[in-house]
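The values are calculated or read from the model by the stated rules, or taken from the named source; none is laboratory data. The structure presented is a predicted model; accordingly, all values stated were derived computationally and were not measured. Cβ sites come from the backbone with ideal geometry, for glycine too, and all protein chains shown count toward neighbours.
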Amino acid sequence: MNRALAIAFVILAPLVVLFTAGDNQFLVFIVGITLIHMLLASGLNLLYGYTGLIPLTYAGIAGISAYATANLSMFGGLSFWLALPLGSLLAAAVGVLLSLPAIRLRGFYFALSGLVIQSAMSIAFVYFPRYTNGDTGIASIPRPTLFGAALPSPWIECLLGVFVIAVVGVVWLIMRSRFGASLIAIREDEDLARALGVSVTLNRTVSFAIASFIAGIGGGLYAYYVGFVSPRAFDVLVSLNIWLMAAMGGRATLVGPLLGALILAPLPFFLQQYTWLKDVIYGLAIILVTMYLPSGIYGYLLKRRARS
Amino acid sequence: MDEFLLLTVSVITSGLLVGTIFSVVAAGLSLIHGTILLPQAANGQVFLGAGLLFWLFGTTFEWPLWVAVPLTFLAVAAFAFATERLVLRHFYPLKDRNISYLIITLGLAQILSGVYTGTFGKMTDTFQIVPPVTGFLVLEPFPISNARAIAFALAALVLVGLIVFLRMHRIGRALRAVFQNRDVARLRGINTPRIYRFAFLLGTMVTTAGGILYALAYALDLSVGWTMSLITFAIMIVGGPGSIVGALCVGLVFGFTQAIVSVIADPTIATFAYLLAMLAMLFVRPSGLFAR
């Protein structure tokens, strides 16, 4: 019950800002971006928190969907409601491909292969300008439409909120299922799980497919919401920072990634002309979380309550 | 015919130069990873930082070479020492520390790249040092800039010095003992945490040398850090972590690839090729070509 309250609080916080912000477009935009990051971090948490993999390819997967939805809607003439699931399906397919290294590589080597693949994808985004327009990126992607009219501003953020709730719900359902239990068993001890008859490869591939689908939704929503996609929006640091959101909030909890995104995602917008400070703060947070707060803020609170 | 010959010679010379500098930086990375199990993802940013500091001291402040070079080394050494003290040291007792280290050094790389953007990035876009030596060396009939010839000679000297040090010197031999088997090395009375600290400092200094030499030969820009991280990671994985000879051989191959590809196409395509080579190697033989 407490957990449900915490989730509700964290998701509602940006929506409250949304409706008190009034005409302040800047604050409204920050709310939208934060919600997208909540969604992305929740998806990554499925892989990092529950399955125990650090997917440094995550932003690249989201990027593939972002470019795909942008292309489908601008040049293919598809509506948002058709382009988004198609882009996400493509992302899921790519995600399944990228889960193949995990069959052979463990821990560090898997993370390193992710780093390599992510870098290759970043280069590919620049070097296939037919679909990505290279370094310049694709601009002026139209906003989603509902009942034939473009969604106006406070409502599109609400739509993002609905997506976040749906994703959290999916992760919650997975965790309650047998499949979720298998994932946790694999995370805890792969050999033991295999000995107990859990198909490690199959379960891991499915979790990759689902998480990549979520990444795809996040990437597609980003493309539509910001209206602009460029290779810089999906590079390795973005993967790392979405990881940071899940890790800092609390891995393997439903609230954690939401909380992490709520704290970290709005930060760059308040730094004004000192945007480079974002990298310094995020980088410091990565080091501090790894050293002192491996279970994240929410995980730490849970542990402290369990002790008292 | 003459044009073709000129092109061939320029490919060979630039391949040699780029290759040896790649090898130097990769040797630093490989030394650190082989000894400490620390995949230094910020190594490229350290390399870039060394080049930028050298540019700042030598070209902007116009300090003489004998001040600018030692000061660059000192500044990077202070940074490496602080990093080891404050962060890296705490992970030595962990068995699977390399994954934590990868994440931490990626964070470090992000900090450094933010700092460079906020400081150097405000000054200019490309950082070209005023070469301390001018003129050309003429290998009849081909001219080679003196600065580049010196950069090549020094880079080769660093590599030879490093190999000799690791084979001959007492501490170098202790380092190699840790590469080969850290548990037995500890049983034989080697103080592993001290060797780790030494390896991190030495590796970082080697990388610093690479950065200064690169700045001597080419203009820097802020994206070089990430590219160099990727290239040297690829060299280390293909050559085998901890193997300086592996870093040298693979570094030269990569340098020539870069030089050849630059003639016919965009050098980024070469980066693509390195990444693929590294990925293939990760699957086939994660311990690398030259691992014992």
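For A:A252, the conditions (1) within 22 Å of A:G95 (Cβ to Cβ); (2) at pLDDT 90 or above are fulfilled apart from (2).
Quick grid of which residues meet (1) part of a helix (DSSP H, G or I); (2) under 24 Å from A:K278 (Cβ atoms); (3) at pLDDT 95 or above:
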position	(1), (2), (3)
B:L71	yes, no, yes
B:L74	yes, no, yes
B:R89	yes, no, no
B:P93	no, no, no
B:S100	yes, yes, no
B:Q110	yes, yes, yes
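The residues on offer are A:R130, A:R143, and the sole one that is of a type in the set (K, R) and in contact (Cβ under 8 Å) with a residue 40 or more places away in the chain is A:R143. Would a scan of segment A:170-186 turn up a residue that is within 14 Å of another protein chain (Cβ to nearest Cβ) and within 30 Å of B:R285 (Cβ to Cβ)? No, segment A:170-186 has no match at all.
Considering (1) at pLDDT below 95; (2) at the interface with chain B (Cβ under 8 Å from one of its Cβ atoms); (3) surrounded by fewer than 22 Cβ atoms within 10 Å (Cβ to Cβ), the lone condition that A:L284 does not fulfil carries the number (1).
One line per residue, one yes/no per condition, for (1) more than 14 Å from chain B (Cβ to nearest Cβ); (2) over 23 Å from the mean Cα position of the chain (by Cα); (3) basic (K, R):
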{"site": "A:L100", "(1), (2), (3)": "no, no, no"}
{"site": "A:F108", "(1), (2), (3)": "no, no, no"}
{"site": "A:L115", "(1), (2), (3)": "no, no, no"}
{"site": "A:A124", "(1), (2), (3)": "no, no, no"}
{"site": "A:F128", "(1), (2), (3)": "no, yes, no"}
{"site": "A:N133", "(1), (2), (3)": "yes, yes, no"}
{"site": "A:T136", "(1), (2), (3)": "yes, yes, no"}
{"site": "A:A139", "(1), (2), (3)": "yes, no, no"}
{"site": "A:P152", "(1), (2), (3)": "yes, yes, no"}
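Annotation: of all residues in segment A:65-99 being touching a residue at least 40 places away in the same chain (Cβ under 8 Å) and under 30 Å from A:P294 (Cα atoms), the one that is surrounded by the fewest Cβ atoms within 10 Å (Cβ to Cβ) is A:V96.
Looking across segment B:109-144 at every residue that is under 28 Å from B:L29 (Cα atoms) and hydroxyl-bearing (S, T, Y), the one that is surrounded by the fewest Cβ atoms within 10 Å (Cβ to Cβ) is identified as B:T126. Within segment B:232-274, the set of residues being under 21 Å from B:I36 (Cβ atoms) and surrounded by fewer than 19 Cβ atoms within 10 Å (Cβ to Cβ) comprises just one member, B:V245. Scanning segment B:233-292 for residues that are outside any helix (DSSP H, G or I) and at the interface with another protein chain (Cβ under 10 Å from one of its Cβ atoms) returns B:D266, B:P286.
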